[in-house]
Every structure is written in structure tokens, then in C-alpha cells.
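Take a look at the structure below.
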Amino acid sequence: MTVKIESKCVLCVRKVIQEKYCEYHYEAVRSLRGHYEVWKSRYGEISWYDYLTRLQKIKHTGKWVKEVIEIELENIKKNDKKMR
């Protein structure tokens, strides 16, 4: 008998649907990526890190988006340490 273990979202207990996120957190990721392009076209060059930190400070940024931002910022910091 084989037991299939479903992957759980890195931010909650829901089933992973894409990358490492559930449907709600993945939609937040997609939204972040899409809006990043809009920000770049409006504000000129802005780094992914600066974009995320600015959004994190805005009180109207949604809960799921803020949770994804935390993970993304952690990943940036980890990758930055590896590059040194």
C-alpha cells in the first residue's frame, strides 16, 4: 500500500497547486509579479526588493500578499548571503 503525501503551502495548510503555494498565495504571487511590471513602467527602474518593501509598508496591502512578501524577502536575503 502506497500513501501519497500531499505537499502543503509554505504559508498555510492548504494543498500546493503551483510552485510552493496554495491557490490563494499563488494568486498573490502572480499579482505581485504582474503589478511589478506596472510599477516599473510608472516609476522607472525599481528593484524587486524595493518594490516588495514598499508594498509591505502600505496598510492596504492584503494579508496573503504580505505573507508572500515575507517569504520573498527572506529568499532575497538568503540568496544575497550566498553571493558574498
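The values are calculated or read from the model by the stated rules, or taken from the named source; none is laboratory data. Being a predicted model, the structure only gives us computed values, none of them experimental. No Cβ is skipped: glycine too gets one built from the backbone with ideal geometry, and neighbour counts run over all protein chains shown. The accessibility values were calculated without ligands, DNA or RNA, using every heavy atom of the protein model including side chains. Shrake-Rupley method; radii C 1.70, N 1.55, O 1.52, S 1.80 Å.
Criterion first (over 25 Å from C9 (Cα atoms), surrounded by 10 or more Cβ atoms within 10 Å (Cβ to Cβ) and not aliphatic (A, V, I, L, M)) does K40 satisfy it?
On the way: over 25 Å from C9 (Cα atoms): yes; surrounded by 10 or more Cβ atoms within 10 Å (Cβ to Cβ): yes; not aliphatic (A, V, I, L, M): yes.
Yes.
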Only one of (1) without any contact (Cβ under 8 Å) to a residue 40 or more places away in the chain; (2) open to solvent by 70 Å² or more (accessible area, probe 1.4 Å) does not apply to L52, and that is (2)
When the range 16-31 is examined, which residues are found to be at pLDDT below 95, over 19 Å from W48 (Cα atoms) and open to solvent by 90 Å² or more (accessible area, probe 1.4 Å)? I17
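I'd like to check something: does the range 57-78 contain any residue that is in a helix (DSSP H, G or I), more than 27 Å from C12 (Cα to Cα), open to solvent by less than 100 Å² (accessible area, probe 1.4 Å) and at pLDDT below 95?
Step one: of the range 57-78, the residues in a helix (DSSP H, G or I) are 57, 63-78.
Subsequent filtering for residues that are more than 27 Å from C12 (Cα to Cα) retains none.
Looking for residues that are in a helix (DSSP H, G or I), more than 27 Å from C12 (Cα to Cα), open to solvent by less than 100 Å² (accessible area, probe 1.4 Å) and at pLDDT below 95, one finds none in the range 57-78, hence no.
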All conditions in (1) part of a helix (DSSP H, G or I); (2) open to solvent by 90 Å² or more (accessible area, probe 1.4 Å) are true of G34 except (2)
Would you check which residues across the range 8-30 are closer than 16 Å to N75 by Cα and among the β-branched types (V, I, T) and list them? V10, V29
